[in-house]
Each structure stands twice: as C-alpha cells, then as structure tokens.
1. Can you pick out the pairs among LYS5/LYS298; LYS4/LYS344; LYS192/LYS298 whose Cα atoms lie more than 18 Å from each other?
2. Calculated from DSSP H runs of 4 or more alone, at -39500 (n - 2.57) each and per residue, what is the 222 nm mean residue ellipticity of the chain, nearest 500?
3. What do you get for chymotrypsin sites (Phe, Trp or Tyr not before Pro) in region 287-369 restricted to DSSP loop and a cutoff of at most 14 other Cβ within 10 Å of the site's Cβ?
4. Using DSSP to call loops (not H, G, I, E or B), can you name the GluC sites (Glu not before Pro) in region 259-368 whose Cβ has at most 11 other Cβ atoms within 10 angstrom?
5. Alpha carbons only, please: Rg and Dmax for region 137-192, in angstrom.
6. With the cut-off at 1.5 for a/c, could you classify the chain from its C-alpha gyration tensor as rounded, prolate or oblate?
7. Along Cα→Cβ, 7 Å out, is where each label goes; now give me the distance between the ones at ALA330 and MET145 in nm to one decimal.
8. With loop defined by DSSP as not H, G, I, E or B, and exposure as at most 11 other Cβ atoms within 10 Å, which is the longest segment of the chain clear of exposed trypsin sites (Lys or Arg not before Pro)?
Amino acid sequence: MIIKKPPMGWNSWNTFGGEVCEKVIRDTADAMVELGYKNAGYEYVVIDDWWSERKRGADGKIAVNKEKFPSGMKALSDYIHSKGLKFGMYSCAGTMTCGGFPASFEHEYEDAQMFADWGVDYLKYDFCYKPMHAVGKLLYNKMSMALKATGRDILFSACNWGADDVETWIRSTGAHVYRSTGDIFDHFESVKFIAQSQFDKINYSATGCYNDMDMLICGMYGKGLVAKGGCTDAEYKTHFAMWCLMQSPLMIGGDITNMNDYCRNLLQNKGLIAINQDEDGRPPMMVNWNKDRPVFFKHMANGEYVLALFNLSDEDGMVGCEFFDIGVSADHGFDFVDAISGEKIGVVSENLYETIPAHDCRVYRGKFVRV
Ligand code: GLA
C-alpha cells in the first residue's frame, strides 16, 4: 500500500480517552457523513486505547471489552464500511498499551491477522512498555511486515513520540505515518511546542511516509480528555493551518457530533485541506528562521505557491519576508488569494509584511507572475 496524501480521519483519544465505546464510534461515523466531514476528505474512524479487556482471552487473542463494544469489532467495522468510511484500531509495540491493556509484543503476526479479519484499514501502533532490550525500529518493522502478510491494505501509523531519532529510520520500516512528538493537549502552548519542535525536521515528511504531529484539538474548547484550558478560535485556526502546511495527517480529536460552526467550517476548509493533501508532497521551506514568527513558502503540484505567516508569540506584531529571500527578483511577484477565506488579494511583489495578532496566522496561495 502506497499513500500519496496524509490520511484524514478521526481518533477517539483526545476527547473520549478510556470512555470510548461503540455508541461513540457509531455516532461519530454518522456525523462524519451527515455533517460534511466525509465530503471534505475525512475517512478513517479510529478507536484508540482502552477497547479491550485487561487480559488476553483463553484463545490467546486480545479480548474485546463486550460492555463497551457489545456488537464486537467485526460488526462495528461493517457499520463503518457501510457508510463508505474506513476503520482504524490501536495496539502497541510493548507488552502493554499505554493504558495497561494487552499489546502486541511477540504477538505481532496473530494480532495483525485478527485486525485484518475484522476489516481494519488503519493501525495506530504505540510505544509504551517496550522492553529495554527490544529495538523500536525492529518492532515497527515486524508489525509492518505482519500487516502486509495479511494481504489486506492497512495503513500503518507508528507512534513512538519522536523517540530514537525516529525520523531518520521510520520510512525504512514501511510505516505510512509516524508520530514525531509527545502528546498534544488542548491549549496553545502545546500547539506551539509541537510546531516549533518540527521546524528543523520538516524535510523528513514526504509522500509515502508523513510526519504525524498528533491528533487535532480544534473545537475541544477545554472539554475532553486532553483538555487544558482550551484555545480561542484564532488559535485553533493557527493550529489547523500549521498542521495542514506541515502535511501532518489530519486526525480530528474533538467531538464531531458536537462541534461548533466555527471549528466545523475550519476543519472542512477547502483551501487549507488542499495544501495538506497536495500530491507533490513537498515540505514547506522556512524563509526567515524566526521560531516565534515563522514564514513558510511551499510549492504546490498545480504550479501555485503558498506563503504562510504565523505569529506564535504572545504579542501582536509584524510578520513577513523580503521576496529576494525566496529567490524572487523585483520584476516578479505572486497573484495571491487568501487560502483560508478565498478572498482575492491581488499581485504582491518585493515583500510582504503584516501585523498579525498574537497566536494568529495568514495563509496565501497563488501563481508566480511578472509585474
Ligand atoms: C500515548 C499516545 C496517545 C494515546 C495514548 C493512549 O500516550 O501517544 O496518542 O494513544 O497513548 O493510552
């Protein structure tokens, strides 16, 4: 299986944590279709940790928690597929998952087959309780091969939180996406910390294997498992724009059955999603190397370019760059539209500087033109 775009979907962890259950998954799958998410490109519905019993069953398999998932995983998978969506599940490379449930260490081939038998299309594979003597790279390689051996197309999402210089070897294991940071929390400090930690690693994300900056917190507003005070609308916009630009998977972590209009529209924003899903898969170039007020420039497959200005600092202030710092001479410029609102901006040449409020951003997209 080769992936040409970062995956898009929803994951239960950020909002529901250990409360994940069949009803949540069914309601989410319904909302995904009825509220426009599927049309916008979201397709995977992923159950994270806390779906099983505390011990493997007598048959040696991971036993589904029947109270939480009374119909079982195959029926749930069929339901998700009946909506034209894809089904994702979670396990871990260690002896237990992070929540202390049975994991796949030394059960890789049998667990992979069980997931395939359930019709799983996506496996998130965590890193807790990894025995010290075991090499993470080989554990990811092993599960990747176990999934391929089932003959089913299963997107393999490695989640070792950026440990062991993962970006330098993960592609060789066959993983399709890899978590490059620790867990996200629902406040702007976390968004900023994760974003800044990836600025010097953006070239390790490309078609076939993308850098996963963790599930989105848009729309949580301080409610749910990873809540830490919440963000403002502008902060959620900056978060989503940054994840789109860095071509991170777009896995919604908020409750889409109960999302306000602002964040539903944001998560379905066509302009930002087009940047994220660009098939050329080129990471952006960081133009000014100011970690608090970064400016990024990106080539798009259709011949257009993106210029994105972020103010991650706590003060309103000027963000921008001289176009000669991208290699553009004074007789050329860009015919920009605002990539988020679609508003026409017109031709801009020589430089672009704007006063941007703290924690806000601007994203422009357009053709390179002679002026
Ligand atoms: C780790 C992962 C999270 C989530 C939890 C589940 O912390 O990084 O994304 O999967 O485990 O316990």
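1. LYS4/LYS344; LYS192/LYS298
2. -7500 deg cm²/dmol
3. TRP289
4. GLU279, GLU315, GLU343
5. Taking only Cα atoms of region 137-192, I get Rg and Dmax of 13.3, 42 Å.
6. prolate
7. 6.2
8. Longest gap between qualifying sites, sites excluded: 67-371.
Read-outs: derived from the displayed coordinates by stated rules, not from any lab. Model, not experiment: these values are computed from the prediction. Because the Cβ atoms are built from the backbone with ideal geometry, glycine has one as well, and the counts that use them run over all protein chains shown.
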